[in-house]
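Novice: Here you go, one structure.
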Amino acid sequence: MDRLKATARLMIVSDLDHTMVDHHDPENMSLLRFNALWEACYRNDSLLVFSTGRSPTLYKQLRKEKPMLTPDITIMSVGTEITYGTAMVPDDGWVGVLNQKWDRNIVTEEAGKLPELTLQSETEQRPHKVSFYVDKANAQNVMKVLSEIFAKRGLDVKIIYSGGMDLDILPQGAGKGQALAYLHKKFKTEGKLPANTLVCGDSGNDAELFSIPDVHGVMVSNAQEELLQWHAENAKDNPKVIHATERCAAGIIQAIGHFNLGPNASPRDITNLSDCESENVSASSEIVRFFMFYERWRRAEVENSELYLASVKADCDSSGILIHPSGTELSLCDAINGMRSYYGDKQGQKFRVWVDRVLSTQTGLDTWLVKFNKWELSGDDQQGCVITCIINMKKDGVSGATYMHVHETWLEGSGRAKDQINLAVLDCAYSPELRCRQLITLRTQ
């Protein structure tokens, strides 16, 4: 909440499964396209909110499986938990709101009497959420019966059916929509209500998001029947809610353009990397562009040309230094020269690179301090490091940037990195070529 000193230009509030994350996209390309767009154009002055039905346990599991960005705010368990930042600090005020007219023991007792309901796993049972599975054919009747029972017991609850099988029982004040309304109220109190909010969803438990006043909304093309039915009955004449023609994260990008909320051309959509140089650039967009080139170089998706390496070296100060996590130093130009030896070494393989939390601070007239997380996925092995750069931006604003200094440290718990640092240092000492390769790839294989 405190990261931005001014009003956010845009706040995106997105469901995860089958909205931001496409489980039918093995290469995760729509998600990676969104990642590049967000980090290049929005991270510094906008807010990213993930609003998911998943519990914290399953949310963290998804983060291990997919190339997801780190949100500023996380809403979990169908709007019953709100946390902030990378540390996922809980909002105690929201807990107080949800405690009103809620008794979890009574909910569990009464719902457990219905044979049509099957209790979900223990990880999905939360202080303000009780979750079951129910057959689609029985869902509406079960919801009606439960509503009557809870009313007689003096509870004010909300029953949400989504995904064709999930039935969640929550306090009446809970839900994805109410959680967003609560956040809007907090921002407004602080004088920081985002200039625009875009909500994104695919299923019934996302419907409330589209009911919040003054938001833009996108139902991705693969939206489920229950959300489309809700839209037809409640919001078909609302011009601020669209049904995208693109799936998942690609539909979110489409909505950004449809509502003119800001740039909607992902850097990953640019096939000719030299085209980037003709556009206005920022420290963040330069970071995204470099690692996009790095991925394509190793996948042999760009030509094996000395002109490319010369262009990259031209962006490095002649006295620039790269400090590896092991503490070893190498000149930036020598590190770029080392890239020749592994052109195409990941061709035809599952290999992707993305950056996260790219935050830049201007420290001088033309100088920027940029800090971010950089991740590599190779097969099923995912490793990451924290990179801090000092970058000098050209005064004309269109000529790109010059890297002055790069310092890298391993992310805690990142793959096998910690266990193999010492081996990597020994290898580097005996092989100059491997030394270059180790330092520029930030890996320990």
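The values are calculated or read from the model by the stated rules, or taken from the named source; none is laboratory data. Quick caveat, the model's predicted, so the values are computed rather than measured. Cβ sites come from the backbone with ideal geometry, for glycine too, and all protein chains shown count toward neighbours. To get the accessible areas, we keep the full protein, side chains included, count just its heavy atoms, and leave off ligands, DNA and RNA. Shrake-Rupley method; radii C 1.70, N 1.55, O 1.52, S 1.80 Å.
Novice: A314 to T189: FRET efficiency via 1/(1 + (r/R0)^6), r the Cβ-Cβ distance, R0 51 Å, to the nearest 0.05? Show your work: numbers first, answer last.
Specialist: Working: r = 49 Å, r/R0 = 0.96.
Computed FRET efficiency for A314 and T189: 0.55.
Novice: Let me ask you something else. Accessible area per residue, 1.4 Å probe, Å², for the range 1-91: what's the number? Write out the running numbers ahead of the final one.
Specialist: Details: 2930 Å² over 91 residues.
Ligands and nucleic acids excluded, the result is 32 Å² per residue.
Novice: If r is the Cβ-Cβ distance from T361 to E225 and R0 is 56 Å, what FRET efficiency results, to the nearest 0.05?
Specialist: Values: r = 47 Å, r/R0 = 0.84.
Working from the Cβ atoms, E equals 0.75.
Novice: Sort out for me the Cα centre separation of the range 352-379 from the range 246-273, rounded to whole Å.
Specialist: Each part reduced to its Cα centre gives a spacing of 21 Å.
Novice: Determine the sum of side-chain charges near A223: Lys and Arg each +1, Asp and Glu each -1, restricted to other residues whose C-beta is under 11 angstrom from that of A223.
Specialist: Details: positive: R247; negative: D15, D202, D206, E225, E226.
With Lys, Arg at +1 and Asp, Glu at -1, the neighbours total -4.
Novice: Treating only the Cβ of Lys, Arg, Asp and Glu as charged (+1, +1, -1, -1), what charge dipole size does the chain show about its Cα centre? Round to the nearest 20 debye. It would help to have the intermediate numbers written out before the result.
Specialist: Values: 48 positive and 59 negative charges, 122 e Å.
Once rounded to the nearest 20, the dipole reads 580 debye.
Novice: Here is a follow-up. Distance in nm between label sites at A87 and D2, each 7 Å beyond Cα in the beta-carbon direction?
Specialist: 0.9
Novice: Take the Cα atoms of the chain, find their three principal axes, and give me the spread along each one in whole Å, biggest first.
Specialist: So the three principal-axis extents are 76, 45, 38 Å.
Novice: Determine the relative contact order of the chain: mean sequence separation of Cα pairs under 8 Å and six or more apart, normalised by residue count, in whole percent. Each step should come with its number before you reach the end.
Specialist: Values: 847 pairs, mean separation 62.9, N = 445.
Averaging sequence separation for qualifying contacts and normalising by length gives 14 percent for the chain.
Novice: Out of all DSSP beta bridges in the chain, what portion is antiparallel? Express it as a percent rounded to 5. Walk me through the numbers before you get to the answer.
Specialist: Values: 53 of 76 bridges.
Roughly 70 percent of the beta bridges in the chain run antiparallel, per DSSP.
Novice: Kindly work out what percent of the DSSP beta bridges joining two residues of the range 1-129 are antiparallel, to the nearest 5. Kindly include the intermediate steps, with their values, before the conclusion.
Specialist: On the way: 7 of 15 bridges.
About 45 percent, rounded to the nearest 5.
Novice: For D156 and A232 in one chain, what is 0.36 nm times their gap in residues minus the Cα-Cα distance, to one decimal in nm? Working shown, then result.
Specialist: Values: separation 76, 0.36 × 76 = 27.36 nm, distance 2.72 nm.
Contour length minus the Cα-Cα distance gives 24.6 nm.
Novice: Let me ask another. Would you mind working out the magnitude of the charge dipole of the range 190-305 relative to its Cα centre, with +1 at each Lys and Arg C-beta and -1 at each Asp and Glu C-beta, to the nearest 20 Debye? Don't skip to the answer; put the middle values down first.
Specialist: On the way: 9 positive and 18 negative charges, 49 e Å.
Around 240 debye, computed over the range 190-305.
Novice: Express in Å², to the nearest 10, the accessible area of H184 obtained by rolling a 1.4 Å probe over the protein heavy atoms while all chains stay in place.
Specialist: Taking all protein chains as shown, H184 has close to 30 Å².
Novice: Roughly speaking, what is the centre-to-centre gap between the range 129-185 and the range 193-243 when only Cα atoms are used, to the nearest Å?
Specialist: 19
Novice: Another one. Which FRET efficiency, nearest 0.05, do N99 and N337 yield, Cβ-Cβ r, R0 51 Å?
Specialist: Details: r = 62 Å, r/R0 = 1.21.
It comes to 0.25.
Novice: Roughly speaking, to the nearest percent, how much of the chain's 1.4 Å accessible area is carbon and sulfur?
Specialist: Details: 9700 of 19380 Å².
Of all accessible area on the chain, carbon and sulfur atoms account for 50 percent.
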